[in-house]
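The values are calculated or read from the model by the stated rules, or taken from the named source; none is laboratory data. Just so it is clear, the structure is predicted and the values come from calculations on it, not from any experiment. FYI the Cβ positions are ideal-geometry reconstructions off the backbone, even for glycines, and counts take in every protein chain you see. Only protein heavy atoms, including side chains, enter the accessible area calculation; ligands, DNA and RNA are left aside. Shrake-Rupley method; radii C 1.70, N 1.55, O 1.52, S 1.80 Å.
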Amino acid sequence: MRVTLLGTGDTTGTPTVGCDCDTCREARDRGVSRSRFSVHVENERTGESLLIDFSPDFRSQFLDNDVGLPDAGIVTHIHFDHLDGLGNVYRLVDGLPVHAPSGTDPATDESVAETVRRKYDYLEDRIGVHSREPLEPFETCGFEVRFVPVDHPPLLCFGVVVEDPETGGKLSLTGDTSYDVPERSREALADPDLLLADAIVPASLCEHHPIGGRHEGPDGVPRTFGTKHMTREGALALAEDLNADRTRLVHLAHFYPPEEAFAEPLAVDGETYEL
């Protein structure tokens with residue numbers, strides 16, 4: 001499989017509109033971007049491609065990268081930076097299957113699949129929303145795919161595992177999550193060829209969060225920023241726990257200090273990987 005990181009930023013992206021911070025200036029000087037989150041996975045055996053999350057930057061991401069329009073889509077949760085690009089498929093695709101998790105979210109009284117179906121009812125002649133049971137594998141684009149529950153309060157949120165049954169290649173994606181990923185999900189995510197891990201800020205910035213950090217490691221360093229996202233240190237600890245062969249940190253905010261913001265293994269848009 002060929003994995004292209006279309007969007008590696010958080011809700012505002014880097015550079016952030018209207019921001020002249022040192023990190024945003026450095027991004028402009030380097031000519032790099034971290035747009036809102038999305039990942040393109042091509043099955044090079046079948047020529048099909050899977051899009052994980054529909055970024056609001058859908059149009060520019062597909063214009064900027066040498067990838068084809070998706071044959072199927074995945075939605076991990078209903079926050080706008082992962083879903084609102086779905087409206088871009090109007091007049092671009094016909095009959096797109098969109099897979100989303102089942103299970104009623106107490107915060108919305110709907111499953112992710114039901115919210116997608118309701119919010120994009122005007123696309124009913126263009127997309128078909130398929131409800132998928134978490135941790136149960138399903139087939140799409142020649143891949144075996146599973147949604148795995150993670151921890152991103154107050155909403156239900158899911159990571160994704162994509163495996164090629166022919167080659168054994170495995171992509172694991174944490175989705176938006178704290179370090180408190182359930183054990184069954186860790187087992188599903190384990191031993192990937194490539195791990196894409198949410199790492200919104202370095203742990204040093206937890207002192208600026210109203211509730212600080214959580215899930216401290218043995219060294220006392222927070223692995224969760226507030227309640228919703230992993231720190232860089234938390235993401236790297238999870239990568240070690242999962243025995244990831246290669247790790248790229250994603251969903252990155254422009255709050256990283258400029259001397260750290262583009263260091264390994266922090267990703268930028270347009271990176272590609274062959275698994």
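In this structure, does residue 165 turn out to be under 25 Å from residue 42 (Cβ atoms), without any contact (Cβ under 8 Å) to a residue 60 or more places away in the chain and open to solvent by 50 Å² or more (accessible area, probe 1.4 Å)?
yes
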Boolean, residue 196 is more than 15 Å from the chain's Cα centre (by Cα), within 17 Å of residue 267 (Cβ to Cβ) and of a type in the set (A, V, I, L, M):
no
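With the structure loaded, tell me whether residue 180 is on the phi > 0 side of the Ramachandran plot, part of a loop (DSSP other than H, G, I, E, B) and open to solvent by 10 Å² or more (accessible area, probe 1.4 Å) or whether it fails that test.
no
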With the condition kept exactly as written, say whether any residue in the stretch 15-32 is under 19 Å from residue 177 (Cα atoms) and either out of contact with any strand residue (DSSP E or B) (no Cβ under 9 Å at 6 or more places or on another chain) or surrounded by fewer than 23 Cβ atoms within 10 Å (Cβ to Cβ) (or both).
no
Matching entry among 97, 101 (being under 19 Å from residue 150 (Cα atoms) and touching a residue at least 24 places away in the same chain (Cβ under 8 Å))
101
Test: residue 117 is basic (Lys, Arg) and farther than 28 Å from residue 252 by Cα:
yes
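Could you tell me how many of the residues in the stretch 145-154 are under 23 Å from residue 109 (Cβ atoms), under 15 Å from the mean Cα position of the chain (by Cα) and either outside any loop (DSSP other than H, G, I, E, B) or touching a residue at least 60 places away in the same chain (Cβ under 8 Å) (or both)? Show your work before the answer.
Step one: of the stretch 145-154, the residues under 23 Å from residue 109 (Cβ atoms) are 147-154.
Among the residues that remain, those that are also under 15 Å from the mean Cα position of the chain (by Cα) are: 147-152.
From the residues that got through so far, the ones that are either outside any loop (DSSP other than H, G, I, E, B) or touching a residue at least 60 places away in the same chain (Cβ under 8 Å) (or both) too are 147-149, 152.
Looking only at that region, the number is 4.
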Of everything in the stretch 214-259, what is out of contact with any strand residue (DSSP E or B) (no Cβ under 8 Å at 6 or more places or on another chain) and either in a loop (DSSP other than H, G, I, E, B) or free of Cβ contacts under 8 Å to residues at least 12 places away in the same chain (or both)? Give them in sequence order.
216, 217, 218, 219, 220, 240, 243, 257, 258, 259
Which condition number does residue 61 fail, the rest of (1) among the polar types (S, T, N, Q); (2) open to solvent by less than 70 Å² (accessible area, probe 1.4 Å); (3) farther than 28 Å from residue 167 by Cβ being met?
(3)
Quick one: in the stretch 193-205, of everything that is part of a helix (DSSP H, G or I) and either touching a residue at least 40 places away in the same chain (Cβ under 8 Å) or of a type in the set (Ser, Thr, Tyr) (or both), which residue is most open to solvent (accessible area, probe 1.4 Å)?
204
Flag for residue 262 being open to solvent by 50 Å² or more (accessible area, probe 1.4 Å), at pLDDT 95 or above, under 23 Å from residue 13 (Cβ atoms) and not in a strand (DSSP E or B)
no
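Table: residues versus (1) open to solvent by less than 20 Å² (accessible area, probe 1.4 Å); (2) modelled with pLDDT of 95 or more; (3) among the hydroxyl-bearing types (Ser, Thr, Tyr); (4) over 19 Å from residue 257 (Cα atoms).
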| position | (1), (2), (3), (4) |
| --- | --- |
| 130 | no, yes, no, yes |
| 158 | yes, yes, no, yes |
| 169 | yes, yes, no, yes |
| 191 | no, yes, no, yes |
| 207 | no, yes, no, no |
| 214 | no, yes, no, yes |
| 217 | yes, yes, no, yes |
| 226 | yes, yes, no, no |
| 233 | no, yes, no, no |
Which number in (1) closer than 26 Å to residue 45 by Cβ; (2) open to solvent by 40 Å² or more (accessible area, probe 1.4 Å) marks the one condition that residue 142 misses?
(2)
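Within the stretch 104-118, count every residue that is open to solvent by 40 Å² or more (accessible area, probe 1.4 Å) and within 21 Å of residue 153 (Cα to Cα).
So the count comes out to 6.
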